[in-house]
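Beneath this line is the structure, given in structure tokens, with notes to follow.
The values are calculated or read from the model by the stated rules, or taken from the named source; none is laboratory data. This one's a predicted model, so the numbers in the text were calculated from it and none came from an experiment. In this analysis, Cβ positions are derived from the backbone assuming ideal geometry, glycine residues included, and neighbour counts consider all displayed protein chains.
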Amino acid sequence: MRLSKSFIKTLRDAPKDETAKSAGYLIRAGYVHKELAGVYDYLPLGLRVIENIKGIIREEINAIDGQEVLMTALQNPEPWQKTGRWSDQEVDIWFKTELSAGGELGLAPTHEEPITNMLKTYIKSYKDLPLAVYQFQTKFRNELRAKSGIMRTREFIMKDLYSFHATEEDLNAYYERVEGAYGKIYSRLGLGDCTFETFASGGIFSKFSHEYQTFIPVGEDTVYYTEDKSLVLNEEVLLDEVLDEFKVKREDLKDTRAAEVGNIFKLKFKYSEPLGLKFSDQNNQMQTVYMGCYGIGVSRLMGVIAEKFCDDKGLVWPENVAPYKYYLVSIGDQGSAKAEELYKGHEESILFDDRDARPGEKFADADLMGIPYRVVISDKTLAENSAEITDRKTGESKFVKLSDINF
Ligand code: ATP
Ligand code: MG
């Protein structure tokens, strides 16, 4: 992408009310635009990061037989009334509205009810099971306090996967496959060494659920962990009976702040029973379907990654999620001509700063945007038939022969 032709613009200031580092940088570097508290627009660079995160998740969920769909955000109250979750006492973050033809409508905060309801049309017999269906979808939650920039918003992108099984054993086996996929996802996103599967409260049908918590000071949750981090507990389950169950003592645990970047849940019959999702088994007996649900906060992850990987100059994206891999800067006429030549055919991996601006300004923007490699071509580098490549993360620069550069 050519900067001169894009509306990617860096700003001098971020809104005063943004307290999270990541939000300040994401706004200043031209990734997101703030509409109002907890409501953001994703600009070209930000959208590319979102798409990269989604791409990694999609590959790993497809690998465990997930089938992608896209459900509507508009919610018919009926299935929610059947599970008791239409009530504002039960779920206090609903955005609800009126249909002009009469009747109420909600904006989905999550999709357990509609997907369970929808699959009543398609799951009839044990032959239709197991099934795993997922989407990347916009959720709406009327959060009382929207803070932490894009880490807690009123409209956000979630990957939600739902699985359907004939037996509890099959649900348990699939849950383990999801654990495997989640481990791969967080490590491909660059968060592998700071994201841990954490025991959190369960529900009616299971004692625990699991959250994926990224250890980070701006996180809203407090988690307790053993020295080797083989056991991590959300503070909500830090009870004597739980400590006994895991054979640990309170004083042997450390605590830290963490951000919940995903969670997985064995729902069993929580939604299938009230909504009547049943199948006929091999003996023609009607049975209730076992369910699991598995979320990942896609847009929150972008905020968490931005927060984790930044320094005093700006963002420092891991290569797998960066909007572009290279930031190309030319200095002087000779440099510009060569840069044009190199850019050609690599528009997808290079952000080409072809603006009429001082090199210092371009370097500052390259740092602020956090593009992994800055490539400078000038008379000086061309004298050695080279370009100077600077690693955003380490700050190290080296001359690389033009013939060895492989964009
Ligand atoms: P939290 O405890 O942070 O409020 P939750 O337990 O309600 O989240 P889920 O309903 O399970 O979360 O949603 C799945 C994932 O979506 C979460 O793990 C989180 O990463 C993300 N998420 C939840 N709420 C928000 C929000 N308001 N803004 C951005 N991401 C969110
Ligand atoms: Mg939670």
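Here are the numbers:
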| item | result |
| --- | --- |
| The listed residue being farther than 18 Å from PHE208 by Cα and either outside any strand (DSSP E or B) or touching a strand residue (DSSP E or B) at 6+ places or on another chain (Cβ under 8 Å) (or both), out of GLY303, GLY295 | GLY303 |
| Residue count for the range 145-185, restricted to those that are hydroxyl-bearing (Ser, Thr, Tyr), at pLDDT 95 or above and either under 15 Å from GLY303 (Cβ atoms) or near ligand 1 (Cβ under 10 Å from one of its atoms) (or both) | 1 |
| Filter result for the condition that a residue is acidic (Asp, Glu) and either within 16 Å of ligand 2 (Cβ to nearest atom) or modelled with pLDDT under 95 (or both), over ASP312, ASP281, ASP354 | ASP354 |
| Every residue from the range 51-72 that is of a type in the set (A, V, I, L, M, F, W, C) and in a loop (DSSP other than H, G, I, E, B) | ALA63, ILE64, VAL69, LEU70, MET71 |
| Members of the range 303-355 that are of a type in the set (D, E, K, R), touching a Leu at 6+ places or on another chain (Cβ under 9 Å) and within 16 Å of ligand 1 (Cβ to nearest atom) | LYS308 |
| Condition met for LYS9 (away from ligand 2 (no atom under 16 Å from the Cβ), free of Cβ contacts under 8 Å to residues at least 12 places away in the same chain, part of a loop (DSSP other than H, G, I, E, B) and more than 27 Å from LEU129 (Cα to Cα)) | no |
| Residue match in the range 95-102 (condition: over 20 Å from the mean Cα position of the chain (by Cα), surrounded by fewer than 19 Cβ atoms within 10 Å (Cβ to Cβ) and under 30 Å from TYR25 (Cα atoms)) | yes |
| Filter result (without any contact (Cβ under 8 Å) to a residue 40 or more places away in the chain and either farther than 30 Å from PHE279 by Cα or not in a loop (DSSP other than H, G, I, E, B) (or both)) within the range 93-124 | LYS96, THR97, GLU98, LEU99, SER100, ALA101, GLY102, GLY103, GLU104, LEU105, GLY106, LEU107 |
| Subset of the range 173-212 that is aliphatic (A, V, I, L, M), outside any loop (DSSP other than H, G, I, E, B) and in contact with a strand residue (DSSP E or B) (Cβ under 6 Å, 6 or more places away or on another chain) - its residue that is nearest to ligand 2 (Cβ to nearest atom) | ALA200 |
| Pair list, Cβ under 7 Å, 6 or more apart: the range 299-326 residue β-branched (Val, Ile, Thr), other residue part of a helix (DSSP H, G or I) | VAL304/MET151; VAL321/VAL49; VAL321/ASN52; VAL321/ILE53; VAL321/ILE305 |
| Cβ pairs under 6 Å, 6+ apart, first in the range 182-211 and within 18 Å of LYS159 (Cβ to Cβ) and free of Cβ contacts under 8 Å to residues at least 12 places away in the same chain, second away from ligand 1 (no atom under 14 Å from the Cβ) and of a type outside the set (S, T, N, Q) | none |
| Residue list for the range 213-225, filter: within 13 Å of ligand 1 (Cβ to nearest atom), in a loop (DSSP other than H, G, I, E, B) and surrounded by fewer than 19 Cβ atoms within 10 Å (Cβ to Cβ) | GLU220 |
| SER125 vs. criteria among the small types (Gly, Ala, Ser) and more than 20 Å from the chain's Cα centre (by Cα) | yes |
| Exclusive hit being in contact with a Gly (Cβ under 6 Å, 6 or more places away or on another chain), more than 16 Å from ligand 1 (Cβ to nearest atom), charged (D, E, K, R) and over 30 Å from ALA306 (Cβ atoms), set LYS96, LYS82 | LYS96 |
